[in-house]
Amino acid sequence: MSKKLLVVDDEPVLLKGLKYSLEQENYEIDTAVDGEEAYDKAINETYDLIILDLMLPKMNGLEVCKKIREKSMVPIIILTAKGEDSSKVLGLEYGADDYLTKPFNVLELKARIKAILRRVNVEAPKQHSNIIEMSGFKINTLGRKIDIAGESIALTAKEFDLLLLLVTNKEKIYSREELLEIIWGYEYFGDVRTVDVHIRRLREKIEENSSQPRYILTKWGVGYYFKD
């Protein structure tokens, strides 16, 4: 079954080009040209992934991303203008899984889409249990769900992937660069803030006190690790 994507941009030529190019990869493509239309479609239709430009009329992309995250964990790739570093970070803070800076190579966009969809749909190895339990955590690797003390916690695709990697490799320290390569599947050319933002969001969701984490710890000057 083909994957259904929502592409949101107010530039007609870019939107038409992306739709055509992605349809060549056998994706089913829906489009929106402003923030209100994007949000309406995102919460009333079912998509496997959303490509969201941040500079939109009626409702900006950051607000759209934030509102979508209140109702859905659908993977989101945001598109930002060159030099909009603060928008990239805010987009990740609001729950985006990834970003691309305009102008971009459509082949890179396709690679990132495939990487996200592959991780979202990956099945746990059959020789291992689908359920991981420790210290009040219950992680369902097939359903990609996590409960803490009986409470369901909503994680984005990348947040779940990060947590699962750290949990299944307890006390192994990963550098930011290693996490970028393993989780995102490509080089970010040194933009390690992406990892920091996702780690911070994870801590806010699973730690009692995110400023004094118990589980996801930092080895200063080295990287991050999980301690049971």
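Bear in mind these aren't lab numbers, they're just calculated from the coordinates by the rules spelled out. Not measured: the values here are computed from a predicted model. Cβ placement follows ideal geometry from the backbone for every residue including glycine, while neighbour counts extend to all protein chains displayed.
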Tell me whether segment 143-185 comes out rounded, prolate or oblate; compute the Cα gyration tensor, take square roots of the eigenvalues as a ≥ b ≥ c, and use a/c under 1.5 as the rounded threshold. oblate
Check: segment 4-121 dipole with +1 on Lys, Arg Cβ and -1 on Asp, Glu Cβ, in debye: 380
Gyration tensor (alpha-carbon) shape descriptor, segment 131-226, a/c threshold 1.5: prolate
Work out the charge dipole of the chain with +1 on the Cβ of Lys and Arg and -1 on the Cβ of Asp and Glu about the Cα centre, then indicate which of Asn44, Trp184, Gly221 is farthest towards its positive end. Gly221
What's the ranking of 14-26, 61-73 by average number of surrounding C-beta atoms within 10 Å, highest first? 61-73, 14-26
Per q in 0.09, 0.16 Å⁻¹, report the Debye log10 I(q)/I(0) for the chain, using one uniform scatterer on each alpha carbon and no solvent. -0.37, -1.16
Under 1.5 on a/c is rounded, so check that first for segment 4-121, then, if it is not, pick prolate when a/b is larger than b/c and oblate when it is not; a ≥ b ≥ c are the square roots of the alpha carbon gyration tensor eigenvalues. rounded
Toy charge model, Lys and Arg Cβ at +1, Asp and Glu Cβ at -1: the chain dipole around Cα centroid in debye, rounded to 20, equals 600
List Met1, Met55, Met134 from most exposed to least, where exposure is judged by having the fewest other Cβ atoms within 10 Å. Met1, Met134, Met55
What whole number of Å gives the distance from the Cα centroid of segment 7-82 to the Cα centroid of segment 199-222? 31
Okay, helix-only estimate at 222 nm for the chain: each DSSP H run of n ≥ 4 adds -39500 (n - 2.57), divide by all residues, round to 500 deg cm²/dmol; what do you get? -11000 deg cm²/dmol
